[in-house]
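A short write-up of the structure that comes next.
The values are calculated or read from the model by the stated rules, or taken from the named source; none is laboratory data. In this text the structure is predicted, and so the values were computed from the model without any measurement. Cβ: placed from backbone, ideal geometry, glycine included. Neighbour counts: every protein chain shown.
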Amino acid sequence: MNAFAALEVKGLSIKFGDFTAVDDISFSVNRGEIFGFLGANGAGKTTTIRMLCGLLLPTSGSALVGGLDFGDGGKGIKRIVGYMSQKFTLYNDLTVGENLDFAAGLRKLEPAYAKKRRKELFELTAFNKPLSSKVSSLPGGLKQELALAVAMLHDPEIVFLDEPTSGVSPESRARFWALIRRITGLGKTVLVTTHYMDEAEQCGRIALMSAGRLIALDSPEELKRAAFPGPMAELDFKGVEARAFLSGLEKAAGLLELSPHGMRWHAAFSDRASLEAALSALPPFASAVFIKPSLEDVFIRLVEGTER
Amino acid sequence: MNFDLHRVYAVARKEVMHILRDPFTLALALGLPVMLVAFFGYAMDFEVRDIKLAVSDRDNGPAARRLKEIFTASGYFRLVEPGPVGPVEMLDSNRVSAALFIAPDFSKKIKGGGFAEAQFVLDGSDNSKAAAIIGYLPGIQRAAQLRLAGRAHGNQSSSGADPEPSKLSLSAADPDPVELLLSEADRDPAKLLSSGADRVSVETRLLYNPELNSRWFIVPGLAAIIIGLLAILLTALTVAREWENGSMELLLSTPVRPLEIIAGKLAPYGALVLAGVCFVYLVSRLVFGVPFAGSHLLYLAACLLFVTAALSQGLLISVLTRQQQVAMQFSMISGLLPSMLLSGFIFPVESMPGFFQYLTMLLPPRWFMAAARGITLKGADLGELAVPFLALGFLSAVMLALAIKNFKTDLE
């Protein structure tokens, strides 16, 4: 095992009856890394995270989480990781302080230590509401930050965040991601699932999941480079019917990917020459500009590639 | 397996905060016992009083007047003077529930020591009311025997010393069409003695609740309703809420164990329910004067066993439904109905059809009811209550095991 690895996963699978939710995935995560899981709903992201938190036991395969395996049924792992689930899991009818006290009680933290951690986490998250405020009265973004503080109260080395920013405002999302970067800055490892492409861009590395399998794993830049070695153009037909041109373009030499993005189309080619040849016959009303491929393009290309 | 009390305490403390913050739970836990006591202790009285009695007195003699006095003095009857219509028409039109017919020669026969008869006609269309009224007749009969027949001869006792004591018969009858005569004369020891034929007489003495006070019968049973409803409902709701909110994930992602969650969540509700039982106990003793003949310790043991069964049932419901709404409906049906209808709380188990009698054996409230009444009214000891206690213990253990097993497998 790599001495710097926070997680080491080998051939992990889980089945629920006949359904294979996670199918033979292997990867390792370095300490201090922001590791993202990207995939559609039902791709197996949450199930993977729940296994790595010790909430579910795998059907086969092995994992070392902070050096611990599933030998004790996940109990040891639960002690050393922090988990923030997709659903908002604090108690709305209790106050901020009561929620934190409850988490401290469940983890048997010394009151003095819990108090110190609470202060540290409030500083880290810039949470400034009084302890006596009811959770139900907090805005969505603050609730997420409090949930993170509860998940990190016992100072875990590895933090799992399952879609932490679903349903909060764009400003709160940005704030939350800045917070994630501060956490990894402290040497903690963060595993996060998302289906926001802009959030995925901020991860050190991304594991792309589809139908329970890991279909790609790399940094956002490398994923783009591997999926699209050549140039990409964005075609805009300004709302004019261009079906004949598009069906011709589909057969063009060197075309890697042609996909609709709203009213526009993205066309990726293996090299510049094929792109220029294919677009020489562009209708006069249409326009084409070079663009950098986004993670969304990568996602579409890779997921469609596995489904074809 | 190490069971950590710190974590149980953390869960229990959080649960207490939920209870204190939730007006519905508080209102239910505090209001239900008060409501039940008020309802069953005051409003629902199985004794029938103020029965309107029409009298057709064709005798108008002193003995007839005394007979009427005896009816009113019992406290159960109120005389209604017949107007232009006769007593039977008054029965038909529901203006009275019973009618008394006194024959023209009633006083003369009493005076002469003969067999004086008065007929009592009863509206049989309301079974339970008619049964209650019939139950009052022996007392009236005895009083009449003593005051009329005795006084006629200047002798209050009917010891048999008098060679020819007068006989009085009161007969109760359904008005129409078949006459049911309930002759009470055979119970008259004086008559039996004088006839010299048969010296056996049947005398009824009621033990434990000599006045058949319905509050004595009902109020101790309220503990079963409170436990059966509150424990099941509150537990089912609290655990289902944890699933519904997704906060069960938070609990499970910590090192807390399923058994610790169960213990921590159930303890406050167990305490709340026992407080309700204490309240009913105090009210029944202090307000209604219900006697407590048996051992308090034994009573507490029965309560704890039944509470365990009820909490387990609530837990099982919440695991199976996972939704507060559904859990609530299930709790009402599986908690309230058996406690109310199949436990013997109001309707005796012995008078149920065979199938239901067997069914009640599977229901903890039936056994708790038997134990609770046995302890409070009869002062029964553990030896006498071995069957209810064993059944209750067995059913509680099964329920708890089932609930824990389902809860644990559900988490994995």
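Taken over region B:112-171, the criterion of being at pLDDT below 75 and among the basic types (Lys, Arg) is satisfied by B:Arg151, B:Lys167. Residues in region B:338-363 that are of a type in the set (A, V, I, L, M, F, W, C), assigned to a helix (DSSP H, G or I) and either surrounded by fewer than 15 Cβ atoms within 10 Å (Cβ to Cβ) or over 18 Å from the mean Cα position of the chain (by Cα) (or both): B:Phe355, B:Phe356, B:Leu359. Within region A:139-171, being among the small types (Gly, Ala, Ser) and in contact with a helix residue (DSSP H, G or I) (Cβ under 7 Å, 6 or more places away or on another chain) holds for A:Gly140, A:Gly141, A:Ala149, A:Gly167, A:Ser169. Of the helices (runs of 4 or more DSSP H) lying entirely inside region A:53-159, the ones with 1 or more residues being more than 10 Å from chain B (Cβ to nearest Cβ) and more than 25 Å from the chain's Cα centre (by Cα) are found at A:96-106, A:111-125.
Restricting the first member to region B:9-20 and to residues that are more than 7 Å from chain A (Cβ to nearest Cβ), and the second to residues that are of a type in the set (Gly, Ala, Ser), the beta-carbon pairs closer than 6 Å and six or more apart or on different chains are B:Val11/B:Gly264; B:Ala12/B:Gly264; B:Ala12/B:Ala267. Could we say that A:Glu199 is outside any strand (DSSP E or B), within 30 Å of A:Ala281 (Cα to Cα) and not hydroxyl-bearing (Ser, Thr, Tyr) here? The answer is no for A:Glu199. Just one of the numbered conditions (1) more than 22 Å from A:Phe176 (Cα to Cα); (2) out of contact with any His (no Cβ under 8 Å at 6 or more places or on another chain); (3) modelled with pLDDT of 90 or more is not true of A:Asp93: (2). Within the option set A:Lys87, A:Lys78, A:Lys45, being of a type in the set (Lys, Arg), modelled with pLDDT under 90 and either farther than 17 Å from A:Leu191 by Cβ or assigned by TED's automatic domain parsing to the domain that holds A:Val150 (or both) holds for one residue only, A:Lys87.
Considering only residues in region A:178-193 that are over 16 Å from A:Ala151 (Cβ atoms) and in a helix (DSSP H, G or I), the one that is farthest from the chain's Cα centre (by Cα) turns out to be A:Gly185. A:Leu208 satisfies every condition listed in (1) in contact with a helix residue (DSSP H, G or I) (Cβ under 8 Å, 6 or more places away or on another chain); (2) more than 29 Å from A:Lys15 (Cα to Cα) except (2). Each residue in region A:227-272 was checked for being surrounded by 13 or more Cβ atoms within 10 Å (Cβ to Cβ), among the aliphatic types (A, V, I, L, M) and outside any loop (DSSP other than H, G, I, E, B), and 11 pass. The number of residues in region B:60-76 being touching a Lys or Arg at 6+ places or on another chain (Cβ under 8 Å) and surrounded by 17 or more Cβ atoms within 10 Å (Cβ to Cβ) comes to 5.
For region B:41-57, check the following and say yes or no: at least one residue is within 14 Å of chain A (Cβ to nearest Cβ), surrounded by 15 or more Cβ atoms within 10 Å (Cβ to Cβ) and closer than 30 Å to B:Val277 by Cβ. Scanning region B:41-57 turns up no residue that is within 14 Å of chain A (Cβ to nearest Cβ), surrounded by 15 or more Cβ atoms within 10 Å (Cβ to Cβ) and closer than 30 Å to B:Val277 by Cβ. Considering region B:364-412, the residues that are touching a residue at least 40 places away in the same chain (Cβ under 8 Å) and not in a helix (DSSP H, G or I) include one that is nearest to B:Glu350 (Cα to Cα), namely B:Leu385. Tell me, which helices (runs of 4 or more DSSP H) lie completely within region B:215-286 with 2 or more residues that are free of Cβ contacts under 8 Å to residues at least 24 places away in the same chain and within 31 Å of the chain's Cα centre (by Cα)? Counting at least 2 such residues, we get B:258-282. Scanning region B:82-122 for residues that are of a type in the set (Val, Ile, Thr) and either assigned to a strand (DSSP E or B) or over 16 Å from B:Ile133 (Cα atoms) (or both) turns up B:Val85, B:Val88, B:Ile102, B:Ile110, B:Val121.
Taken together, the criteria place B:Pro23 among residues that are within 33 Å of the chain's Cα centre (by Cα) and within 14 Å of chain A (Cβ to nearest Cβ). Within the option set B:Pro255, B:Pro291, being surrounded by fewer than 22 Cβ atoms within 10 Å (Cβ to Cβ), within 13 Å of chain A (Cβ to nearest Cβ) and not hydroxyl-bearing (Ser, Thr, Tyr) holds for one residue only, B:Pro255. Flag: A:Gly44 matches the condition of being more than 9 Å from every other protein chain (Cβ to nearest Cβ), surrounded by 21 or more Cβ atoms within 10 Å (Cβ to Cβ) and within 28 Å of A:Glu8 (Cα to Cα). Inspect all residues belonging to region B:88-106 and state whether any of them is away from chain A (no Cβ under 14 Å), under 26 Å from B:Arg142 (Cβ atoms) and among the basic types (Lys, Arg). Within region B:88-106, none of the residues are away from chain A (no Cβ under 14 Å), under 26 Å from B:Arg142 (Cβ atoms) and among the basic types (Lys, Arg).
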